[in-house]
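Here the structure is laid out as structure tokens; the discussion comes afterwards.
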């Protein structure tokens, strides 16, 4: 554990809680992509099956359980409790275009050929692109609520902080995992456009709207 | 035995 990893995890946690808070407080999931949330739930489910097979630390296990619970909770709020507020007309990205390539790639580039390892790898690849339906939705509606923007910023920062963590770990403990590094870089690049808009608009008190 | 990768990140 180092400061970059800790900040990354806290940023990730903040993002997930911000989203739940937003939906609960406004009693609405307008502007949130249910498809992205579904993808994240698939990601956590596939990756954190290792809760049953390998123990790292109490911290890791607690965080995994929180991420899993929060993501299923978000789906419950979006597709059940506040379903009428879900803007599915604008959530039209085809997620099979993300799931199938991620699955295929996880059979091609993987550390070890075991079911658990392929599921873990699949989750890493899918996570890298899981935000695309959400970004697509923002581009279709041309705007995002401020709290949604904070959510996206925290979510994007998490993997960027993980990249610093991997650089740090490479120098301090010779740790190098090309699968997570390459996927993490792709994931962070996808947010670059958004980061730019966030810094130039939202941080100056303006609403995030596209020209 | 079967090789198990231990992933220590989230």
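The values are calculated or read from the model by the stated rules, or taken from the named source; none is laboratory data. Given the structure is predicted, the values throughout are model-derived calculations rather than measurements. All Cβ positions, even for glycine, are placed from backbone atoms using ideal geometry, and neighbour counts span all protein chains on display.
Filter the stretch A:194-211 down to residues that are free of Cβ contacts under 8 Å to residues at least 12 places away in the same chain and part of a helix (DSSP H, G or I) and give me whichever is nearest to residue A:132 (Cα to Cα).
A:196
Working carefully through the options A:172, A:148, A:188, find the one that is on the phi < 0 side of the Ramachandran plot and out of contact with any helix residue (DSSP H, G or I) (no Cβ under 9 Å at 6 or more places or on another chain).
Residue meeting the stated conditions: A:172.
Against the condition surrounded by 20 or more Cβ atoms within 10 Å (Cβ to Cβ), under 15 Å from residue A:43 (Cα atoms) and free of Cβ contacts under 8 Å to residues at least 40 places away in the same chain, how does residue A:106 come out, does it pass? Before you say what the answer is, go through the steps one by one.
Numbers: surrounded by 20 or more Cβ atoms within 10 Å (Cβ to Cβ): yes; under 15 Å from residue A:43 (Cα atoms): yes; free of Cβ contacts under 8 Å to residues at least 40 places away in the same chain: yes.
Spelling it out, residue A:106 is indeed surrounded by 20 or more Cβ atoms within 10 Å (Cβ to Cβ), under 15 Å from residue A:43 (Cα atoms) and free of Cβ contacts under 8 Å to residues at least 40 places away in the same chain.
Assess whether residue A:60 counts as being at pLDDT 95 or above and loosely packed, with under 13 Cβ neighbours inside 10 Å. Talk me through it step by step, then tell me what you get.
Values: at pLDDT 95 or above: yes; loosely packed, with under 13 Cβ neighbours inside 10 Å: no.
Criteria not met by residue A:60.
When you scan the stretch A:46-73, how many residues do you find that are under 16 Å from residue A:115 (Cβ atoms), more than 8 Å from every other protein chain (Cβ to nearest Cβ) and either outside any helix (DSSP H, G or I) or free of Cβ contacts under 8 Å to residues at least 60 places away in the same chain (or both)?
3
Please tell me if residue A:127 is closer than 30 Å to residue A:28 by Cβ and crowded, with 19+ Cβ neighbours inside 10 Å.
Yes.
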